[in-house]
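Reviewing the structure listed below.
The values are calculated or read from the model by the stated rules, or taken from the named source; none is laboratory data. Owing to the predicted nature of the structure, the values given are computational and were not obtained by experimental measurement. We place every Cβ from the backbone using ideal geometry, glycine too, and count neighbours over all the protein chains shown. With ligands, DNA and RNA removed, areas are computed over all heavy atoms of the protein, side chains included. Shrake-Rupley method; radii C 1.70, N 1.55, O 1.52, S 1.80 Å.
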Amino acid sequence: MPEEALATHRDVATRRTLALVGPSAAGKTSLVEALLAKAGAIGAPGSVERGSTVSDWDPLEKKALRSLNSALVHFTHDGITSHLVDTPGAPDFVGQSLTALEAVETAAIVINATTGIEPMAVRMMEWAQQRERDRVIVVNKIDAQGVNLEKLVQDIQSAFGKECLPVNLPSQKGERVIDCFYHLTDDGPPPDFSSVEAAHRALVEQVVEVDAEFTERYLNEGDVDPKELHAPLEQAMREGHLVPICFVSARTGAGVAELLQVIEKLLPDPTESNPPAFLEGEGPDAKPTTVDSGNPDKHVIAHVFKITQDPYVGKMGVIRVHQGTITKDSQLFVGDGRRPFKVGHLFMLQGKDLKEVSKAVPGDLCAIAKVEELHFDAVLHDAAEDANMHLKPMQFPVPVHGLAIEPKRRGDEQRLHDILAKLVSEDPCLKVEHVASTNESVVYGLGELHLRALLDRLQEIHKCEVNTRPPRIAYRETITAPAEGHHRHKKQTGGAGQFGEVFLRIEPLPHGAGFQFVDEVKGGAIPHNLMPAVEKGVQLAMQEGVIAGYPVVDMKVVVYDGKYHSVDSKEIAFVTAAKKAIQAAVQSARPCILEPIVNVEITAPEQNMGDITGDLSTRRGQVSGTQAASAGSLTVLAQAPLSELASYQSRLNSLTGGQGRYTIAFSHYEAVPPNVQQQLMSQHKVKEE
């Protein structure tokens with residue numbers, strides 16, 4: 001192999017990719033600053049409070065003193081190039097964390113030593129495991145007063161398994177950290193708990209279990225040189241058989257050098273982790289396919305895991321290179337697109353700063369600007385045989401918090417529409433829906449904080465003033481019985497008339513099945529070229545709703561007969577006829593209204609649990625259990641209708657003296673009680689009148 005090619009292959013082996021995920025206030029952004037400073041990428045760590053960090057560069061983040069978007073940084077230290085993705089910790093912005101998992105080999109779950117294991121940490125551990133990412137737990141703020149790190153390790157092992165083992169240990173009440181994997185001699189003060197020998201032995205025993213040869217050597221010789229354990233260690237992490245625990249204080253720098261060593265020596269390069277879950281083909285026919293993650297010489301396969309809309313640079317796609325090498329002037333295709341685009345510039349991101357680079361190899365996270373065809377989850381490639389490749393779809397939380405929105409100034413409707421489209425393209429957990437029955441635009445997010453951030457961005461970044469109305473619940477309509485519908489549309493004006501007649505039947509589908517349209521018309525009763533108009537009329541009626549103005553879901557529509565006139569039958573006639581026929585059929589099919597049910601996790605002082613569970617029962621909530629949180633606190637697990645949780649934080653504050661917090665996540669839809677259905681139908685009738 002030529003020397004230049006060898007050098008490129010070595011480049012791949014020197015790449016590390018890491019997403020820092022976990023709850024708010026765990027110190028992820030401060031930890032990124034400490035790592036950048038230790039690696040020499042910046043002179044000194046910035047401060048979240050002063051708004052001087054590399055990651056939180058957005059004006060809204062500086063104002064809020066928290067991360068609102070994922071941010072990329074990179075550094076090179078001791079010949080290793082590490083790409084880090086700093087993610088927000090609030091549950092409302094979890095979409096940013098989930099997309100980051102698609103771009104990295106390793107998920108670093110950052111835990112605040114003062115608050116212990118929080119729900120967001122549990123979720124990110126589960127999501128990372130589902131996507132078969134290597135995982136490492138980073139315990140931050142180890143120098144805080146009153147922390148019990150030995151108890152926290154026990155809690156971690158109880159929550160996530162005995163495979164979670166410390167690779168270093170805190171000493172002198174968190175003032176320093178001692179490596180337990182490589183360096184077995186330390187002349188300084190001993191660890192605050194356990195011992196270097198015990199931690200080392202536990203690690204080695206856990207690692208050698210995946211390799212029979214090393215197991216035998218360990219049993220015979222009593223120890224194995226850690227430098228020989230690289231391959232079985234990577235296998236153990238890949239299989240989830242080992243989850244390292246690291247201790248650090250981003251504030252003082254304790255443990256930062258040791259964490260840097262863990263990243264460079266223990267975490268996987270692109271060839272050592274589980275391969276990305278690529279599929280070839282669509283739907284049920286899609287088949288798993290693999291990419292050669294260690295080969296920069298093969299054809300290009302890259303994945304767009306983030307879209308940004310920079311006011312100066314324009315639209316920018318942030319990508320992970322999985323195979324091949326991208327250079328300036330590379331010709332790439334977007335998915336199954338027929339026309340390639342030329343890579344004008346290739347950038348590495350350092351927060352808001354763009355650094356132009358000449359190439360990107362497998363394991364690199366980089367950005368391509370000013371290509372309008374780029375979109376989230378797109379696969380970029382340079383070979384025709386890869387046109388049908390895509391990553392296994394990720395299940396994002398369903399946005400169910402709605403807010404009706406309109407511009408303050410008349411004439412700004414199109415501008416608002418364009419800005420919202422850009423913001424939605426950046427966040428897979430934002431959705432905009434136009435409600436035809438009320439002629440209003442509704443933006444849906446994961447919670448009040450999510451929607452507040454969107455409104456702030458509209459007003460402060462894009463200078464677009466808007467009016468909003470109270471959150472709109474994403475109700476849906478469906479049917480519970482089969483029925484038939486028929487409508488003849490006949491309109492005669494001075495010239496050519498309109499005529500179309502449609503016979504159809506409908507039947508319910510299982511929850512989540514969506515919409516099926518079947519053409520069973522025989523003998524040309526409705527010409528083939530007019531059937532799209534029939535389907536359009538059906539879909540219009542379903543979008544507008546029938547009994548309460550909410551979209552109709554989970555329904556099969558079979559068109560089986562009709563009539564047309566050779567002169568008067570036009571598309572508009574069949575659109576109208578189909579729409580009226582569906583409305584008649586739904587009315588006869590025992591329609592019902594569905595409401596979103598959410599999973600609720602409420603963490604509060606133990607003494608408030610009785611008041612909280614009692615309040616939930618008045619909101620049609622059902623408690624499924626409780627679990628221990630930090631000292632003196634419990635987490636209540638429950639399900640409740642989203643409609644009953646409006647302004648719930650205010651109620652929770654009054655019940656707990658401001659010490660309670662909660663998160664919600666969409667669970668499923670179920671039928672509303674009869675009295676609620678009558679109320680919603682009455683409100684819709686009043687609006688129509």
Residues of segment 230-242 being under 21 Å from Ala108 (Cβ atoms) and either assigned to a helix (DSSP H, G or I) or in contact with a Lys or Arg (Cβ under 8 Å, 6 or more places away or on another chain) (or both), in sequence order, are His230, Leu233, Glu234, Gln235, Ala236, Met237, Arg238, Gly240
Lys298 vs (1) closer than 18 Å to Asp377 by Cβ; (2) open to solvent by 50 Å² or more (accessible area, probe 1.4 Å): all pass except (1)
Going through (1) over 30 Å from Ala628 (Cα atoms); (2) without any contact (Cβ under 8 Å) to a residue 12 or more places away in the chain one by one, Ala198 fails only at (1)
All-but-one check, Glu126 against (1) under 12 Å from Gly22 (Cα atoms); (2) surrounded by 15 or more Cβ atoms within 10 Å (Cβ to Cβ), failing number (2)
Of those in segment 176-217 that are under 28 Å from Leu149 (Cβ atoms) and aromatic (Phe, Trp, Tyr), the residue surrounded by the most Cβ atoms within 10 Å (Cβ to Cβ) is Phe181
Condition met for Leu279 (at pLDDT 90 or above, in a strand (DSSP E or B), closer than 28 Å to Pro428 by Cβ and open to solvent by 10 Å² or more (accessible area, probe 1.4 Å)):
yes
Here the residues within segment 657-666 that are open to solvent by less than 30 Å² (accessible area, probe 1.4 Å) and part of a loop (DSSP other than H, G, I, E, B) are Gly660
Residue hits (segment 141-189; charged (D, E, K, R) and outside any strand (DSSP E or B)) are Lys141, Asp143, Glu150, Lys151, Asp155, Lys162, Glu163, Lys173, Glu175, Asp186, Asp187
Residues of segment 621-656 being assigned to a loop (DSSP other than H, G, I, E, B), within 29 Å of the chain's Cα centre (by Cα) and not hydrophobic (A, V, I, L, M, F, W, C), in sequence order, are Gly621, Ser630, Ser647
Scanning segment 308-329 residue by residue, those part of a loop (DSSP other than H, G, I, E, B), of a type in the set (Val, Ile, Thr) and surrounded by fewer than 20 Cβ atoms within 10 Å (Cβ to Cβ) turn out to be Val313
Taking segment 608-629 and the residues there that are open to solvent by 40 Å² or more (accessible area, probe 1.4 Å) and modelled with pLDDT under 90, the one that is farthest from Ile111 (Cα to Cα) would be Thr626
query: Just a yes or no: is a residue in segment 671-687 open to solvent by 90 Å² or more (accessible area, probe 1.4 Å), at pLDDT below 90 and assigned to a loop (DSSP other than H, G, I, E, B)?
result: no
Checked segment 331-358 for anything open to solvent by 70 Å² or more (accessible area, probe 1.4 Å), under 30 Å from Leu36 (Cα atoms) and touching a Ser or Thr at 6+ places or on another chain (Cβ under 9 Å); matches are Ser358
Note on segment 462-477: residues open to solvent by 50 Å² or more (accessible area, probe 1.4 Å) and of a type in the set (Asp, Glu) are Glu465
Taking segment 218-233 and the residues there that are under 41 Å from the mean Cα position of the chain (by Cα) and among the hydrophobic types (A, V, I, L, M, F, W, C), the one that is most open to solvent (accessible area, probe 1.4 Å) would be Ala231
Residue hits (segment 121-149; in contact with a helix residue (DSSP H, G or I) (Cβ under 8 Å, 6 or more places away or on another chain) and not charged (D, E, K, R)) are Val122, Met124, Met125, Trp127, Ala128, Val136, Ile137, Val138, Val139, Asn140, Ile142
Check: Can you find even one residue in segment 429-451 that is hydrophobic (A, V, I, L, M, F, W, C), surrounded by fewer than 17 Cβ atoms within 10 Å (Cβ to Cβ), under 30 Å from Met316 (Cβ atoms) and touching a residue at least 40 places away in the same chain (Cβ under 8 Å)?
Finding: no
Within segment 446-466, is there a residue that is part of a helix (DSSP H, G or I), more than 26 Å from Thr99 (Cβ to Cβ) and in contact with a strand residue (DSSP E or B) (Cβ under 8 Å, 6 or more places away or on another chain)? no
| message | Going residue by residue through segment 31-53, is there one that turns out to be among the charged types (D, E, K, R), modelled with pLDDT under 95 and open to solvent by 10 Å² or more (accessible area, probe 1.4 Å)? | response | yes
So the helices (runs of 4 or more DSSP H) completely within segment 3-74 holding 2 or more residues that are farther than 30 Å from Gln323 by Cα are 28-38, 59-64
Residue set Gly402, Gly411; condition at pLDDT below 90 and either of a type in the set (D, E, K, R) or surrounded by 19 or more Cβ atoms within 10 Å (Cβ to Cβ) (or both); output residue Gly402
So, first residue more than 13 Å from Thr635 (Cβ to Cβ) in segment 646-669, second residue among the acidic types (Asp, Glu) and in a helix (DSSP H, G or I), Cβ within less than 6 Å, six or more apart or across chains; the pairs are Leu655/Asp611
Checking Val636, Val600, Val676 in turn, the sole residue that is touching a residue at least 12 places away in the same chain (Cβ under 8 Å), farther than 25 Å from Ala90 by Cα and of a type in the set (Val, Ile, Thr) turns out to be Val676
Among strands (runs of 3 or more DSSP E) entirely inside segment 330-399, those with 1 or more residues being of a type in the set (Val, Ile, Thr) are 331-334, 365-369, 379-381
Ala585 being farther than 23 Å from Ile479 by Cα, assigned to a helix (DSSP H, G or I) and open to solvent by less than 10 Å² (accessible area, probe 1.4 Å)
no
Wholly inside segment 478-574, strands (runs of 3 or more DSSP E) that include 1 or more residues that are touching a residue at least 60 places away in the same chain (Cβ under 8 Å), open to solvent by 30 Å² or more (accessible area, probe 1.4 Å) and touching a Lys or Arg at 6+ places or on another chain (Cβ under 7 Å) are 483-491, 498-508
Could we say that Val361 is touching a residue at least 12 places away in the same chain (Cβ under 8 Å), surrounded by 19 or more Cβ atoms within 10 Å (Cβ to Cβ) and more than 23 Å from Leu72 (Cα to Cα) here?
no
Considering residues that are buried (at least 24 other Cβ atoms within 10 Å of the Cβ) and over 25 Å from Glu356 (Cα atoms), the number found within segment 69-90 is 2
Per the filter on segment 282-294, residues modelled with pLDDT under 85 and surrounded by 13 or more Cβ atoms within 10 Å (Cβ to Cβ) are Gly294
